[in-house]
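A.B. asks: One structure coming up, written as C-alpha coordinates, with questions to follow.
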Amino acid sequence: MYRVTIDRDACDGVFACLTRDPRFVEDDDGIATLDPDADPAPPDDSDDGTIERDDETVVGTFDDERVADAEDAAAACPFDAITVEAVEGEP
Ligand code: SF4
(Lines give C-alpha, C1' and ligand atoms only; values in the text may rest on other atoms or scores of the structure.)
Protein backbone atom coordinates (compact mmCIF):
# COMPACT_ATOMS: atom_id res chain seq x y z
CA MET A 1 0.00 0.00 0.00
CA TYR A 2 1.29 3.45 -0.79
CA ARG A 3 0.21 7.04 -0.40
CA VAL A 4 0.52 9.76 -3.04
CA THR A 5 0.31 13.34 -1.82
CA ILE A 6 0.11 16.42 -4.03
CA ASP A 7 1.03 19.68 -2.34
CA ARG A 8 -1.39 22.03 -4.09
CA ASP A 9 0.53 25.13 -2.98
CA ALA A 10 3.76 23.80 -4.48
CA CYS A 11 2.14 22.63 -7.72
CA ASP A 12 2.41 25.17 -10.51
CA GLY A 13 0.53 23.31 -13.21
CA VAL A 14 3.51 22.23 -15.28
CA PHE A 15 1.86 18.81 -15.72
CA ALA A 16 5.03 16.81 -16.20
CA CYS A 17 3.35 14.36 -13.84
CA LEU A 18 0.44 13.67 -16.20
CA THR A 19 2.59 11.97 -18.79
CA ARG A 20 4.19 9.65 -16.20
CA ASP A 21 1.05 8.47 -14.43
CA PRO A 22 -2.40 8.88 -16.02
CA ARG A 23 -4.05 9.08 -12.62
CA PHE A 24 -2.74 12.63 -12.40
CA VAL A 25 -5.13 15.10 -14.07
CA GLU A 26 -5.69 18.85 -14.15
CA ASP A 27 -8.38 20.16 -11.83
CA ASP A 28 -10.62 23.20 -12.26
CA ASP A 29 -7.95 25.43 -10.67
CA GLY A 30 -5.25 24.36 -13.14
CA ILE A 31 -3.50 22.32 -10.46
CA ALA A 32 -2.80 18.61 -10.48
CA THR A 33 -5.21 16.27 -8.77
CA LEU A 34 -5.71 12.50 -8.67
CA ASP A 35 -8.46 10.69 -10.56
CA PRO A 36 -8.02 6.91 -10.73
CA ASP A 37 -10.75 6.71 -13.38
CA ALA A 38 -8.59 8.81 -15.71
CA ASP A 39 -6.26 5.89 -16.46
CA PRO A 40 -7.45 4.68 -19.88
CA ALA A 41 -5.79 1.29 -19.51
CA PRO A 42 -5.50 0.39 -15.85
CA PRO A 43 -3.52 -2.81 -15.28
CA ASP A 44 -5.12 -5.92 -13.85
CA ASP A 45 -5.62 -5.71 -10.11
CA SER A 46 -5.41 -1.92 -10.17
CA ASP A 47 -6.91 -0.23 -7.16
CA ASP A 48 -9.18 2.81 -7.40
CA GLY A 49 -7.81 3.80 -4.04
CA THR A 50 -9.08 6.35 -1.60
CA ILE A 51 -8.80 10.01 -2.55
CA GLU A 52 -8.97 12.80 0.01
CA ARG A 53 -8.87 16.45 -1.01
CA ASP A 54 -8.65 19.69 0.89
CA ASP A 55 -7.38 23.15 0.05
CA GLU A 56 -3.72 22.26 0.60
CA THR A 57 -3.37 18.66 -0.49
CA VAL A 58 -4.74 15.80 -2.52
CA VAL A 59 -3.95 12.45 -0.93
CA GLY A 60 -4.50 9.13 -2.67
CA THR A 61 -3.97 5.77 -1.00
CA PHE A 62 -3.62 2.78 -3.32
CA ASP A 63 -2.90 -0.91 -3.00
CA ASP A 64 -1.64 -2.04 -6.40
CA GLU A 65 1.44 -2.32 -8.59
CA ARG A 66 1.51 1.26 -9.88
CA VAL A 67 3.74 2.77 -7.23
CA ALA A 68 6.58 3.08 -9.78
CA ASP A 69 4.35 5.21 -12.02
CA ALA A 70 3.59 7.51 -9.11
CA GLU A 71 7.29 7.68 -8.23
CA ASP A 72 8.10 8.59 -11.84
CA ALA A 73 5.54 11.39 -11.65
CA ALA A 74 7.05 12.60 -8.40
CA ALA A 75 10.56 12.55 -9.86
CA ALA A 76 9.39 14.52 -12.91
CA CYS A 77 7.77 17.30 -10.89
CA PRO A 78 10.05 20.35 -10.98
CA PHE A 79 8.55 21.70 -7.76
CA ASP A 80 8.70 18.51 -5.69
CA ALA A 81 4.96 18.83 -5.20
CA ILE A 82 4.39 15.06 -5.20
CA THR A 83 5.32 12.72 -2.37
CA VAL A 84 5.06 8.94 -2.61
CA GLU A 85 5.47 6.90 0.56
CA ALA A 86 4.80 3.37 1.69
CA VAL A 87 1.93 2.90 4.11
CA GLU A 88 2.04 -0.02 6.50
CA GLY A 89 -0.56 -1.44 8.77
CA GLU A 90 -3.63 0.26 7.36
CA PRO A 91 -6.52 -1.67 5.89
S1 SF4 B 1 4.45 18.03 -12.29
FE2 SF4 B 1 4.30 18.92 -10.24
S3 SF4 B 1 3.95 21.10 -10.60
FE4 SF4 B 1 3.48 20.01 -12.48
S5 SF4 B 1 1.29 19.62 -12.39
FE6 SF4 B 1 2.33 17.81 -11.61
S7 SF4 B 1 2.38 18.15 -9.40
FE8 SF4 B 1 1.98 20.10 -10.34
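A.B. asks: Residues of segment 1-82: accessible area per residue at 1.4 Å, in Å²?
C.D. replies: 55
A.B. asks: Could you work out [θ]222 nm for the chain from helices alone, using -39500 (n - 2.57) per DSSP H run of at least four and dividing by all its residues? Round to the nearest 500 deg cm²/dmol.
C.D. replies: One gets -3000 deg cm²/dmol as the mean residue ellipticity at 222 nm.
A.B. asks: If you fit an axis through the alpha-carbon atoms of helix 67-76 and take the longest principal axis of the Cα set of the chain, what angle between them do you get, 0 to 90°, nearest 10?
C.D. replies: The answer is roughly 20 degrees.
A.B. asks: Assigning unit charges at the beta carbon (Lys, Arg +1; Asp, Glu -1) and nothing else, what dipole magnitude in debye, to the nearest 20, does segment 2-86 show about its Cα centre? Could you put the intermediate results ahead of the total?
C.D. replies: Details: 6 positive and 27 negative charges, 50 e Å.
Using only the charged Cβ atoms, the result is roughly 240 debye.
A.B. asks: Please report the carbon-and-sulfur percent of the accessible area for the chain; probe 1.4 Å, protein heavy atoms only, DNA, RNA and ligands left out.
C.D. replies: 41
A.B. asks: I would also like to ask the following. Please work out the C-alpha center-to-center distance from segment 13-39 to segment 61-88 and express it in whole Å.
C.D. replies: 13
A.B. asks: Further question on the same structure: Relative contact order, percent, of the chain when contacts are C-alpha pairs under 8 Å separated by at least 6 residues?
C.D. replies: 43
The values are calculated or read from the model by the stated rules, or taken from the named source; none is laboratory data. The structure displayed is predicted, hence computed values, not measured ones. For neighbour counting, all protein chains shown are included, and Cβ atoms are generated from backbone atoms with ideal geometry for every residue, glycine included. When the accessible area is computed, the model is the full protein with side chains, heavy atoms only, and any ligands, DNA or RNA have been set aside. Shrake-Rupley method; radii C 1.70, N 1.55, O 1.52, S 1.80 Å.
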